[in-house]
Structures are given as structure tokens and as C-alpha cells.
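We did not get these values from a lab; they are worked out from the coordinates using the rules stated. Nothing here was measured: the structure is a model prediction, and the numbers come from that model. Here the Cβ positions follow ideal geometry from the backbone for every residue, glycine too, while neighbour counts run over all protein chains shown.
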Amino acid sequence: MKVDYLIVGAGFTGATLAERLASAGKRVLVVERRDHIGGNAYDEMDSHGVLVHRYGPHIFHTNSQRVWDYLSRFTEWRPYYHRVRAVVEGKEIPLPFSLASLRALFSPRLADRLEEKLIAQYGYGARVPILKLRETQDPDLRFLADYVYRNVFEGYTLKQWGLRPEELSPTVTARVPILVSYDTRYFQDTYQAMPKEGYTALFRRMLSHPGIKVLLGADWKEVEGEVRFDRLIFTGPIDEFFGYLHGALPYRSLRFHMETLRLPFFQSVAQVNYPNEHAYTRITEFKRLTGQDYLPHTTVAFEYSEAYEPGRNEPYYPVPKDENEARYRKYLEEARKLKSVYFAGRLGDYRYYNMDQAVARALKLFEELTHA
Ligand SMILES: Cc1cc2nc3c(=O)[nH]c(=O)nc-3n(C[C@H](O)[C@H](O)[C@H](O)COP(=O)(O)OP(=O)(O)OC[C@H]3O[C@@H](n4cnc5c(N)ncnc54)[C@H](O)[C@@H]3O)c2cc1C
């Protein structure tokens, strides 16, 4: 068999590249080692008829009109604004931390004072990174910064990464904002929605082009010698590709415990975080994401963060530490020595990408490949 492109991985990166290249007249073979398409965005009906996300909740949001328009060719959308709450000192508060969270936690007098000061100092609508708030001289705002850091951020970080915030790259801490507003949507992006029939249906349409063949349940190593190809696009782990030549790139993994309950709804919003209590980090209620409100029962996922052990669990999140970035750069040097092999995606670029970023990256690579 001979193809123009061999693409390893059928997630957003691989599927976008396969669709674009096939539409440009190329013959493409996609090899995926899991027994399904969709990568980590894969969804499926569980045995109770609830559409669940096997690898964790996926909410689509983007500011990129280009990505939105592109994906809209393969799906209709269900409008959805993600809402997240956290249990702090026994109270449920909206996240990201906002003026509404102040109201949920503190006495009206203290909340009024903090709100006034936040608006006076930063302006209504501002997003203030928590580290910036910690630099303030105002004792009330210092109290607030320390409170949020201790009760919302620190515990969650410890559970999520198994590391203290100081051990992570400062960019992670810098990103956590306090919102000086009453907008309780978790994302503020222009486009926010869920694919009407789910992600797997979207992927099926992307990969249905006659120029694309998909081989499931096969590691690319198994087909390497069998298939001839002009170019290889690799969306698997870059360190694995090079036989861990410079050591393994660390990832954090997750474990999901799903339960179906004989209740119409289990919790107030799709996602409730537990920064300080319980071993799990969060609980997701799928029907709040997918709109299956008509079902008399509900499926929830308890999410546990754990160390990644190759072969036992999945590499989910690249661990954002400077030394890991340095190791990745060594692999990038190796990649540059190869001709006709391209790395992309969450595992190929060793980057945390949201789905829209993975698609944008793939569209850019497609342009580079076809204009080179
Ligand atoms: C728990 C969790 C929640 C998330 N929630 C959101 C969210 O709410 N919103 C959002 O925008 N993004 C979210 N994301 C990010 C989203 O999952 C990624 O943006 C997306 O999966 C990236 O797609 P990808 O194709 O680069 O990688 P993947 O989806 O990981 O696809 C790579 C594929 O390559 C395959 N592969 C690897 N090695 C080989 C090999 N040797 N041979 C054959 N196949 C191989 C893998 O099996 C995999 O299917 C979340 C991620 C996680 C982990």
C-alpha cells in the first residue's frame, strides 16, 4: 500500500490534518492505536443511554472564527455556557473566583468592601491574576488574595499535579484569575457550544472523505514496514517516537469513576470542584453538558488525578515545569534532523492544547505542508 500521508493518531490534530489533506487531493492513512476515533474528545453512550466522555469532560470554546467555521462544517451546535462551582469551607461558590464568589463566601459587609476596592483598583470586568493581587498593599485585598490562593488554588493544584504551586512553572499560577465581575460563565470566549450529536459524530464526518482510510487498534510501529508513504505526521508522544532517547517526558494522568444514579440531576451545575476535601478533584455530570435533560437518571464522573505510568494509564497533561520544557527542546532538535516527518498535537508538541488550539495548530501545519 502506498499513500501520500501517514497520520498517526485520530484525535483533533490527526483528524483535521487528514480531512484537509484529503480535500486537497492527497491519499491519507490514519493509524490509531485505540479502538476508536476522536482521541481524548471521544464520547459514547454508556449502558444507560447517557452520552459520556470517556477521557474526561470536553467543553468546546474558542475565540477563533476560523476554527469555529471549520468545525461547523461537520457538526451543528447546542448552545452551552459552562458553569463551574467549587466547595469551599462547606459552601458552593462560582468559579472562576468572581464578585459572585465573594457574595457566596463572606458577610454582605465584607463582600461590599472587597467589591468596592476591586472595582476601584482594577475596574469592573478586569481579570486580575492571583499573583498580581498578592502584590497589593491594601490589607483587605491581600486577605482576599491569600484566601483564594489557600482555599481554592493551592489544594486543587496539589491534587491535580501532586506538586505545590511553587514547583510548577510560574505561568500556571499567573494564569489563575480573579474576575472583577458577576459573569459566572467559566469561559468568556466568543464561541461556546457543544457538538449537537457529540464529538464522535463530528469526527466520523471529518474522516468520512473517500481519500481517507482509518486503521483502528493499530500502533503505527505495526504498519511502519507495511505501508509506503511520502510524509509522516505524528500526533503521538514525541519522546516515544525517539525511543525515549533523552528520557521520558513527564505527564500527569487521570482516573475516572463513573456512576449512574436514579435521580434526574445530581448536582447544581455540570462541574463541581473539590479543592480541599475528598480524594477526587471534581465531579462532572454529563447530561448537563449534552442536554439529555429528558432522561430520568444521570451519570456522573468522579475524577482522580494520578501519576502517569506508561502502559498502565494514559498520558493526559504535560507537566508544566521548566526542566520538562528543556527536555522537550532536545526532542525538537531530533525532530528537526528528520525529513518528511512532522510532529503536532498535544503529545507531539508536548503542549497542553485546548481542542480549538489543536485544530488551529493542525490548520497551520496543513498550510505549511501544502505551500512548501
Ligand atoms: C481530562 C481532559 C479534559 C479536557 N477538556 C477540554 C475542554 O473542556 N475543552 C477543550 O477545548 N479541550 C479539553 N481538553 C484538551 C483536548 O483533549 C485536546 O485539545 C485534544 O485531545 C488534542 O487533540 P490531539 O489530536 O492533539 O491529541 P489526542 O486527542 O490525544 O489524540 C492523539 C491520538 O494519537 C493516538 N496515538 C498516540 N500514539 C500512537 C501510536 N504510537 N500509534 C497509533 N496511535 C497513537 C492516541 O491514542 C490518541 O487517540 C481536555 C483534555 C483532557 C485530558
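Quick look at the numbers
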item	result
Whole-Å semi-axes of the chain's equivalent ellipsoid (Cα gyration tensor)	38, 24, 20
In the stretch 273-372, the trypsin sites (Lys or Arg not before Pro) that fall in loop regions by DSSP, at most 16 other Cβ within 10 Å	R312, K321, K339, R351
P(r) tail fraction, the stretch 26-112 - alpha-carbon pairs more than 17 Å apart, %	71 percent
For the stretch 96-179, the spread of Cα positions along each principal axis, largest first, Å	37, 22, 21
Antiparallel %, DSSP beta bridges [both residues in the stretch 1-138], to 5	65 percent
Per-selection Kirkwood Rh - the stretch 1-48 (Cα, Å, 1 d.p.)	11.6 Å
Values of log10 I(q)/I(0), in the order q = 0.14, 0.20 Å⁻¹, for the stretch 31-171 under a Debye, Cα-only, solvent-free model	-0.93, -1.27
Under 21 Å from K159, Cα to Cα: lysines that are on another chain or at least 8 residues apart	K91, K321
For the stretch 203-283: rounded, prolate or oblate by the Cα gyration tensor [a/c cutoff 1.5]	oblate
20 Å tail of the calculated P(r), the stretch 122-222, as % of Cα pairs	61 percent
Loop chymotrypsin sites (Phe, Trp or Tyr not before Pro), the stretch 325-372, which have at most 16 other Cβ atoms in a 10 Å radius of their Cβ (DSSP)	Y352
Cβ-Cβ FRET estimate between K337 and R33, R0 fixed at 41 Å, reported to 0.05	0.95
Highest-MSF residue in the chain out of D349, D239, D219 [GNM, Cα springs under 10 Å]	D219
Order of E333, E303, E325 - criterion: other Cβ atoms within 10 Å of each residue's Cβ, fewest first	E333, E325, E303
Whole-number D in µm² s⁻¹ for the stretch 265-344, Kirkwood Cα-pair radius fed into Stokes-Einstein, 37 °C, 0.692 mPa s	198 µm²/s
With 10 Å bins from 0: P(r) over the stretch 47-86, alpha-carbon pairs, percent	20, 45, 30, 6
16 Å Cα-Cα reach of K364 towards aspartates and glutamates, excluding residues that sit fewer than 8 places from it in its own chain	E19, D69, D349, D356
Difference of contour (0.36 nm per residue) and Cα-Cα distance, Y244 to R78	55.6 nm
Radius, Kirkwood style, for the stretch 226-265 when every pair of distinct Cα atoms is counted (Å)	14.8 Å
